[in-house]
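*Asks:* Mind looking over this structure? Questions follow.
The values are calculated or read from the model by the stated rules, or taken from the named source; none is laboratory data. Keep in mind that this is a model prediction, so the values were computed, not measured. FYI the Cβ positions are ideal-geometry reconstructions off the backbone, even for glycines, and counts take in every protein chain you see. The protein model used for the area step is the full one, side chains on, heavy atoms only, and it has no ligands, DNA or RNA in it. Shrake-Rupley method; radii C 1.70, N 1.55, O 1.52, S 1.80 Å.
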Amino acid sequence: MTKIKIGFLGAGYIAGVHASVLARDERIEIAAVYDVAKERAEKLAGSVGADVAHSVAEALATCDAIYITTPNTKHTELAILAAEERKHVFCEKPMATSLADACRIVEVAGKSGKVFQVGHNRRFAPVYAELKRMLTESHRPHSAHVKMNRGELLNPEWVGDPKVTGGFLYETTIHMFDMLRFLFGEVDTLQAIGSAHEYPETDDFSVLLTFAGGMHATLASSADAGWLFPFERVEVFCHHATIVTREMESLVYSEGLDGCHTERSMHQLTKEEKWGYAQEDRAFIDSIVNGTPAAVTALDGYKSVELVEAVYESVRTGRQVEIGSAG
C-alpha cells in the first residue's frame, strides 16, 4: 500500500505529540514540516525523518494530508487553503476563533471531498469515552457541573495574548464546550457572567446552559485558579447516582443510597492514550484509508466555536443567548 504523506504546518509542542504518534503508524510517512521559526521545523523534522519545507506551499505540494498545529488565530486561513488544495486536513482546536471564520471552513471542507477532522482529543480519552458509554447505555443525566481551570496565563507567555489564542475560552476551555455537546447533546440556551482579575481580558466565567434533551448544566472556568488537581472535572448527576471525572486520570461513580463508590483508573496508560491523542490520530488515518467521515467534523468544530462566541456575547450583553443566534 502506498503510504499517506503527512505534512505539518507548525512545529510546536502539540505538533510533536501528533508526530510521535504518527511515526509509529506504518500507513503513513511524515514527509514535510513547516514553521515560521526554521529551527523548530528542523528539530521536529529531524526527530521523525521528515524534510523541512521552506513555505506553506511547498508543504502542501508534497503531502496528501496536512496537520495544522499553528497558534489558534492562524488556523482559519491555513485550513481553508489546505482544503481548497484538496488535502485531507487535521486542524487542531479551535478550528477558528470567530463564528464567521468557522462558517467559511465548514463550507470549504464540505466541498473538498476530503477528510477534515478537528482536534478535540477529549472525545477519545478513555475517561470520557467511558462516561459517554455510561450515559448512553445506563445512566440518564439530569444535570451536570463542568469546570476547566488554569493556574495562570503566564507559561508559555503566549497563552495570555488574545491575539494568539483568540481569547482565554479558545485556548483550553473550548475542549469542555465540545464535551458538553458530546456528552449531553445540543445546547439550547446559555447565560454567562464574566469578570477580569489578572489579565487584560475576561479571565473568569460562570455559565448556565440548557439542552435540547431537557437537562441543564453549569460550567465554570478560571484563568488564575491555581493548579489544584483536578483542573478539569465533569460531575454528572443521575437518578441516585453521581459520575465524576478527574482530568483524564480516573472516573468515579456512586449508585444507590449507601455512599459506596467505584473508581476506574487510567494510570496504566501512556499520556498519549490517556488524553486521546493516539486514538484521534488513528481515527484520522482510518478515515482517509477507509473513505469514512471524520470522527470530529468541521461542523463539530463550528459548534464549539458557536458556544464560545455565545458565552462572550452573553457576558458582553448581560442577556441569555439562544444557540443559533449568537453573534
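*Asks:* Are any residues in segment 259-299 more than 21 Å from Ile68 (Cα to Cα) and open to solvent by less than 20 Å² (accessible area, probe 1.4 Å), and if so, which ones?
*Replies:* Scanning segment 259-299 gives a single hit, Met266.
*Asks:* If you take the residues of segment 1-39 that are assigned to a strand (DSSP E or B) and open to solvent by 60 Å² or more (accessible area, probe 1.4 Å), which of them is nearest to Ile68 (Cα to Cα)? Walk me through how you get there before you give the answer.
*Replies:* Step one: of segment 1-39, the residues assigned to a strand (DSSP E or B) are 4-9, 28-34.
Then keep just the ones that are open to solvent by 60 Å² or more (accessible area, probe 1.4 Å); that gives 5, 29.
On the way: Lys5: 14, Glu29: 16 Å.
Across segment 1-39, the extreme among qualifying residues is Lys5.
Here's the yes/no breakdown for (1) at pLDDT 95 or above; (2) of a type in the set (Asp, Glu):
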{"position": "Ser222", "(1), (2)": "yes, no"}
{"position": "Leu228", "(1), (2)": "no, no"}
{"position": "Arg233", "(1), (2)": "yes, no"}
{"position": "Val236", "(1), (2)": "yes, no"}
{"position": "Ala241", "(1), (2)": "yes, no"}
{"position": "Glu255", "(1), (2)": "no, yes"}
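*Asks:* Can you pull out every residue in segment 255-292 that is touching a residue at least 24 places away in the same chain (Cβ under 8 Å) and small (Gly, Ala, Ser)?
*Replies:* Gly276, Ala278, Ala283, Ser287 - these are the residues of segment 255-292 that are touching a residue at least 24 places away in the same chain (Cβ under 8 Å) and small (Gly, Ala, Ser).
*Asks:* Something else about it: Output the residues belonging to segment 74-95 that are over 17 Å from Ile14 (Cα atoms) and crowded, with 18+ Cβ neighbours inside 10 Å. Spell out the reasoning first.
*Replies:* Our first condition is that a residue be over 17 Å from Ile14 (Cα atoms); within segment 74-95, this holds for 76-77, 80-88.
Of everything in segment 74-95, those that are over 17 Å from Ile14 (Cα atoms) and crowded, with 18+ Cβ neighbours inside 10 Å turn out to be Thr76, Ile80, Leu81, Ala82, Ala83, Lys87, His88.
*Asks:* Kindly state which strands (runs of 3 or more DSSP E) lie completely within segment 174-238 and contain at least 1 residues that are open to solvent by 10 Å² or more (accessible area, probe 1.4 Å) and more than 27 Å from Glu255 (Cβ to Cβ). Step through it out loud before you land on a result.
*Replies:* Numbers: elements: 187-195, 204-211, 216-222, 232-238.
The strands (runs of 3 or more DSSP E) meeting that bar are 187-195, 204-211, 216-222.
*Asks:* Looking for something under 16 Å from Tyr128 (Cα atoms), touching a helix residue (DSSP H, G or I) at 6+ places or on another chain (Cβ under 9 Å), part of a strand (DSSP E or B) and open to solvent by 50 Å² or more (accessible area, probe 1.4 Å) - is there at least one such residue anywhere in segment 243-258?
*Replies:* Among the residues of segment 243-258, at least one is under 16 Å from Tyr128 (Cα atoms), touching a helix residue (DSSP H, G or I) at 6+ places or on another chain (Cβ under 9 Å), part of a strand (DSSP E or B) and open to solvent by 50 Å² or more (accessible area, probe 1.4 Å), which makes the answer yes.
*Asks:* Being open to solvent by less than 10 Å² (accessible area, probe 1.4 Å) and touching a helix residue (DSSP H, G or I) at 6+ places or on another chain (Cβ under 9 Å) is true for just one of Leu99, Leu153, Leu135. Which residue is that? Please lay out each step first, then the result.
*Replies:* Numbers: Leu99 fails: open to solvent by less than 10 Å² (accessible area, probe 1.4 Å); Leu135 fails: open to solvent by less than 10 Å² (accessible area, probe 1.4 Å).
Checking each option against the conditions leaves just Leu153.
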